[in-house]
1. Going through region 231-263 one residue at a time, which ones are in contact (Cβ under 8 Å) with a residue 60 or more places away in the chain and under 24 Å from Ile392 (Cα atoms)?
2. Go through region 363-384 and report how many residues are assigned to a helix (DSSP H, G or I), under 16 Å from Ser247 (Cα atoms) and open to solvent by less than 10 Å² (accessible area, probe 1.4 Å).
3. I need the full set of residues from region 331-359 which are within 19 Å of Ile234 (Cα to Cα) and in contact with an Asp or Glu (Cβ under 6 Å, 6 or more places away or on another chain), in order please.
4. Mind checking which residues of region 42-79 are modelled with pLDDT of 85 or more, open to solvent by less than 40 Å² (accessible area, probe 1.4 Å) and either of a type in the set (Val, Ile, Thr) or touching a Cys at 6+ places or on another chain (Cβ under 9 Å) (or both)?
Amino acid sequence: MEEEVEVKLPKLGESIVSATVVQWFKKEGDIVKLDEPLLEVSTDKVNSEIPSPVSGRIKAIHAAPDEELDVGALIATITTAEITSAAPEPQEPKKAEKTATCSSGSSMKSFFTPVVLKIAQEKGVNLEELANIPATGAGGRLSKRDLEKYLTQKGQKPSSTFASTEQIERMKMTGMRKMIAENMVRSFYEAPHATLVNEVDITKVVKFIAQEKESFLKKHGYKLSITSFIAKAIASAVKEFPLINSSLDGDTIVVKRFVNLGIAVSVEQGILVPVIQNCQGRTIPDIAKEVAALSEKARSNRLDPNQVKEGTITMTNFGMSGTLIGVPIIRYPEVAIVGVGAIQKKVVALDDDTMAIRSMLHLSLTFDHRVIDGMYGCGFLAAVKQHLEQDISI
């Protein structure tokens with residue numbers, strides 16, 4: 001007997017009340033299996049695929065790409081009547097099969113997104129050429145970024161939207177970008193920000209990593225990096241300065257006795273902040289493993305919503321881009337964020353008045369001045385510096 005099932009946007013996390021449609025993997029009339037991904041949605045924390053709750057045929061799609069929906073909103077209607085005449089669903093086409101399909105034209109238009117097809121038309125890229133461009137998008141689809149990279153390699157500039165003859169590109173913010181913007185504005189204007197900077201001699205850490213990295217990789221299967229040592233130093237310093245690891249609830253300071261350290265990771269859509277739970281009780285190898293796993297999941301869009309919530313303090317490593325000093329914005333409702341600058345070799349005067357070439361980096365601490373005083377912040381930064389310069393072991 002035929003039954004119509006309404007598919008609604010599920011709750012994606014305790015604090016998430018809405019999401020934005022990124023793309024549909026199915027269209028109206030398509031057959032879908034139980035638990036097969038229907039669409040991808042984006043929040044300020046993570047992108048998620050929404051699976052089908054039943055097997056059947058998609059009767060109607062009620063949400064378009066870039067549309068923002070509240071949790072519980074209707075996104076699709078699926079009819080569960082048994083389908084006997086339908087041909088079996090084709091497998092994901094291989095690259096060679098894509099070329100053959102291009103001759104039909106119309107079938108490939110449903111495979112490529114309208115944005116990709118528009119750019120391809122403007123740049124004179126035919127469907128056969130599109131089918132042979134390496135695709136890294138969700139479901140094996142060719143993304144706008146893939147096409148722009150291909151055009152750049154060919155010596156063409158990516159397509160832009162122009163107003164009259166002026167070279168002005170207008171880019172609509174993604175759902176994730178909008179949520180990040182809203183949270184940053186809220187944090188910046190609600191919390192009075194103050195920033196301190198300290199310079200740290202990490203020569204011992206750099207030498208230790210150079211000596212141990214190969215054996216560490218063989219033994220554990222993942223890399224040993226400076227991030228793990230800084231994360232451990234932050235967690236250790238929090239024990240001495242617990243207010244750094246708190247939040248403000250009205251006129252009440254909520255101090256956490258556990259350190260859930262957020263690690264900012266740059267992805268195509270913006271910045272994701274996966275969280276290392278209970279960092280205060282982890283060893284350097286444990287932290288290195290978690291950093292590697294969470295970073296890989298963030299960049300491949302496979303983070304679980306539970307892996308980006310309940311952070312208590314955040315670190316962001318802008319030094320990977322060569323930046324020496326930065327002043328990051330606190331992640332609401334946390335009260336502090338640590339910025340990590342690039343490592344530089346410098347001639348430094350040592351305590352015995354001799355000169356030496358040392359590996360140095362700048363750490364910045366941005367904090368909520370309602371909760372933390374300047375001298376308290378100075379003490380915390382000094383503690384992080386001491387742990388990084390002296391506690392070199394795994």
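1. Within region 231-263, Ala231, Lys232, Ala233, Ile234, Ser236, Ala237, Val238, Glu240, Phe241, Ile244, Asn245, Gly262 qualify.
2. 1
3. Val335
4. Listed by number, the residues that qualify are Ile50, Val54, Ile58, Ile75, Thr77, Ile78, Thr79.
Listed here are the residues, each with its yes/no results for (1) under 20 Å from Lys223 (Cβ atoms); (2) at pLDDT 95 or above.
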position: Gly281; (1), (2): no, no
position: Ser300; (1), (2): yes, no
position: Val308; (1), (2): no, no
position: Gly311; (1), (2): no, no
position: Gly319; (1), (2): yes, no
position: Gly326; (1), (2): no, no
position: Arg358; (1), (2): no, yes
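The rows are residues; the columns are (1) outside any helix (DSSP H, G or I); (2) open to solvent by 40 Å² or more (accessible area, probe 1.4 Å); (3) at pLDDT below 75; (4) of a type in the set (Val, Ile, Thr).
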site	(1), (2), (3), (4)
Ile168	yes, yes, yes, yes
Met171	yes, yes, yes, no
Met176	no, no, yes, no
Ile180	no, no, yes, yes
Met184	no, yes, no, no
Tyr189	no, yes, no, no
Thr195	yes, yes, no, yes
Gln211	no, yes, no, no
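The values are calculated or read from the model by the stated rules, or taken from the named source; none is laboratory data. Worth saying up front: this structure is predicted, and the values here are computed from it rather than measured. Cβ sites come from the backbone with ideal geometry, for glycine too, and all protein chains shown count toward neighbours. These accessible areas exclude ligands, DNA and RNA; they are computed on the full protein's heavy atoms, side chains included. Shrake-Rupley method; radii C 1.70, N 1.55, O 1.52, S 1.80 Å.
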